[in-house]
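> First, the structure itself, so that you have it in front of you.
None of the figures in this text is laboratory data; all of them are computed from the coordinates on show. Only a predicted model underlies this, so the values are computations on that prediction, with no experimental measurement involved. Virtual Cβ from ideal backbone geometry, glycine too; neighbours counted across all protein chains shown.
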Amino acid sequence: MTTDVNELHSYHPPDWLPGSHPQTIFPFLFRSPESIIYQRQKIETPDGDFLHIDWVNKAARSPLVVLLHGLEGSSNSHYSKALMAKIKHLGWAGCIVHFRGCSGSPNRLPRAYHSGDSNELEWIIHELKKMCFGPLFVAGYSLGGNVLLNWLGRPGYQNVAAINAAVAISVPYDLVVAGNRLSQGVNRIYGGHFLRTLKRKALRKIETHRLDISPESIKACKTLKEFDNRFTAPIHGFNGVDDYWSRASSKPFLLSINNPTLIIHAENDPFLSGIELKTLTKNNNHITLNLTKYGGHVGYISGTFPGHIEWLPERITKYFMDFL
């Protein structure tokens, strides 16, 4: 049965930041830690593309924490810098794996990345294990967390045995529900934020690779659902957005996860409430559910104004310490 640790590791938002949207937006806009000096590594993929990995303490003979970022995230995202600062302080090694096209350099192939890209993660872990001198941990945020849970729960992946534990944060585990929410009402603010860079990248790919996709249809996308239907789904072999969101959701695979896994989610996450996770994970004793009442989506700001975002890095690393 799933371990519930909400009382031991509860999160209490500051009084000056009420509500799911402020708890999501304020850390993103105003509480990004200072820049971290990364060591960048470029690795070639089996299909002729490349990935950029940004490292801290790369040579350390210590635990390695691999971070999988969210949609259109990078090593410069506020949550990436916060966790890597904590990793550096602990003397561990850490790295951010940039999904294709997210490192600041366009990738070579027409394909990009998507929410169910578990085959890519299988290869990435295989490569990183060869560089790792100690225990191997993986932390996935939002889209990266969905990729992580897919990989852990889907059958046939051999390299899941290489990791000691995993943490998934603010995962849109039901992409149909989450995707529709991001395409409606006030949540379209978030979808619009993602669309600005997604559309720009897609138009570049259409031109570079002479893809049979109308540039005007991409420019006309007003919601994330429209974009995923017209670009993300067909370019990655899905039959439209409904097929993509259904097949890429990690929800059906949660019961099959056999690695120690912590899931951190807020009930007031504007992308997708985590309340259903109580039912979805209750019969899997490998999953520890840390369901908080507040926190927003990858928010979790704490302290007096203007606050800090150290709660998540502390919670993640304390969980990993149990497996050293």
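> Under a Cβ-only charge scheme (Lys and Arg +1, Asp and Glu -1), can you give me the dipole magnitude of region 166-309 about the Cα centre, in debye to the nearest 20? Intermediate results must be reported in sequence, preceding the final value.
Working: 18 positive and 11 negative charges, 79 e Å.
In total the dipole reaches around 380 debye.
> Additional query: Placing +1 on the Cβ of each Lys and Arg and -1 on the Cβ of each Asp and Glu in region 182-324, which of TRP311, LEU262, ALA233 has its Cα farthest towards the positive end of the resulting dipole?
Checked the options; the winner is ALA233.
> Can you give the relative contact order of the chain as a percent, counting alpha carbon pairs under 8 Å and 6+ residues apart? Kindly include the intermediate steps, with their values, before the conclusion.
Details: 660 pairs, mean separation 81.8, N = 324.
Rounded, it is 25 percent for the chain.
> Under 20 Å between alpha carbons, and skipping anything fewer than 8 positions from LYS222 in its own chain: which lysines qualify?
Cross-link targets: LYS199, LYS201, LYS205.
> Can you classify region 184-248 as rounded, prolate or oblate using the Cα gyration tensor, where a ≥ b ≥ c are the square roots of its eigenvalues, rounded means a/c under 1.5, and otherwise it's prolate if a/b beats b/c and oblate if not?
Details: a/c = 2.19, a/b = 1.18, b/c = 1.85.
Verdict is oblate for region 184-248.
> Further question on the same structure: Which value, in debye to the nearest 20, describes the size of the charge dipole of the chain about its Cα centre when Lys and Arg Cβ atoms bear +1, Asp and Glu Cβ atoms bear -1, and nothing else is charged? The partial results should precede the final answer.
Values: 34 positive and 27 negative charges, 137 e Å.
Using Cβ point charges on Lys, Arg, Asp and Glu, the chain gives about 660 debye.
> Can I ask one more? For the chain, with a Gaussian network of springs between Cα atoms less than 10 Å apart, report the residue from VAL138, VAL186, VAL56 with the top mean-square fluctuation.
VAL186
> Taking the Cβ of VAL56 as the center, what net charge do the other residues with Cβ under 13 Å away carry, scoring Lys and Arg +1 and Asp and Glu -1?
Details: positive: ARG40, LYS58, LYS81, LYS86, LYS88; negative: ASP54.
Net of charged neighbours comes to +4.
> For the peptides 108-121, 164-177, 277-290, what is the packing order when you average, over each peptide's residues, the other Cβ atoms within 10 Å and list the highest mean first? Intermediate results must be reported in sequence, preceding the final value.
Details: 108-121: 20.6, 164-177: 24.9, 277-290: 18.1.
Peptide ranking by packing, descending: 164-177, 108-121, 277-290.
> To continue, here is another question. Quick check on the chain: take the gyration tensor over C-alpha atoms, sort the square-rooted eigenvalues as a ≥ b ≥ c, and tell me if it's rounded (a/c under 1.5), prolate or oblate. Present the calculation step by step, with values, prior to reporting the outcome.
Working: a/c = 1.37, a/b = 1.17, b/c = 1.17.
Rounded, because the longest to shortest axis ratio a/c is under 1.5.
> Working out 0.36 nm times the residue gap between ARG40 and ALA162, then minus their Cα-Cα distance, what length gain in nm do you get to one decimal?
41.6 nm
> How large is the convex hull of the Cα atoms of region 256-324 per residue, expressed in Å³ as a whole number? Don't jump to the answer; show the numbers that get you there.
Working: hull volume 6.2 nm³, N = 69.
Cα convex hull per residue, to the nearest whole number: 89 Å³.
> Shifting gears a bit: Is the shape of region 64-164 rounded, prolate or oblate, going by the alpha carbon gyration tensor and its root eigenvalues a ≥ b ≥ c, with a/c under 1.5 for rounded and a/b larger than b/c for prolate? Kindly include the intermediate steps, with their values, before the conclusion.
Values: a/c = 1.62, a/b = 1.07, b/c = 1.52.
In terms of gyration-tensor shape, oblate.
> Could you work out how much longer the chain between SER32 and GLU216 gets when fully extended? Use 0.36 nm per residue separation minus the Cα distance between them, nm to one decimal. Can you show the working numbers first?
Details: separation 184, 0.36 × 184 = 66.24 nm, distance 3.50 nm.
Length gained, SER32 through GLU216: 62.7 nm.
> Which order do the peptides 262-272, 243-253, 190-200, 143-153 take when ranked by the mean count of other beta-carbon atoms within 10 Å per residue, highest first? Before the final figure, lay out each step's value.
Working: 262-272: 23.8, 243-253: 20.5, 190-200: 16.6, 143-153: 27.8.
The most tightly packed comes first, giving 143-153, 262-272, 243-253, 190-200.
> Next up: For Cα pairs less than 8 Å apart in space and 6+ apart in sequence, what is the mean separation divided by the residue count of region 184-248, i.e. the relative contact order in percent?
On the way: 45 pairs, mean separation 16.5, N = 65.
This gives 25 percent for region 184-248.
> Okay, next question. Can you give the FRET efficiency to the nearest 0.05 for PHE50 and ASP15, using r as the Cβ-Cβ distance and R₀ = 41 Å?
Working: r = 47 Å, r/R0 = 1.14.
That pair, PHE50 with ASP15, gives E of 0.30.
> Something else now. Would you list which lysines come within 19 Å of LYS278, measuring only between C-alpha atoms, while excluding same-chain residues fewer than 8 positions from it?
LYS251, LYS293
> Among SER250, LEU198, HIS78, which residue has its Cα positioned farthest towards the positive end of the charge dipole of the chain, with +1 placed on the Cβ of Lys and Arg, -1 on the Cβ of Asp and Glu, and the dipole taken about the Cα centre?
Toward the positive end, the furthest listed residue is LEU198.
> Also, I was wondering about something else. Nearest 5 is fine: what % of DSSP beta bridges in the chain come out antiparallel, could you say? Numbers along the way, then the final one.
Details: 11 of 38 bridges.
Rounded to the nearest five, the antiparallel share is 30 percent.
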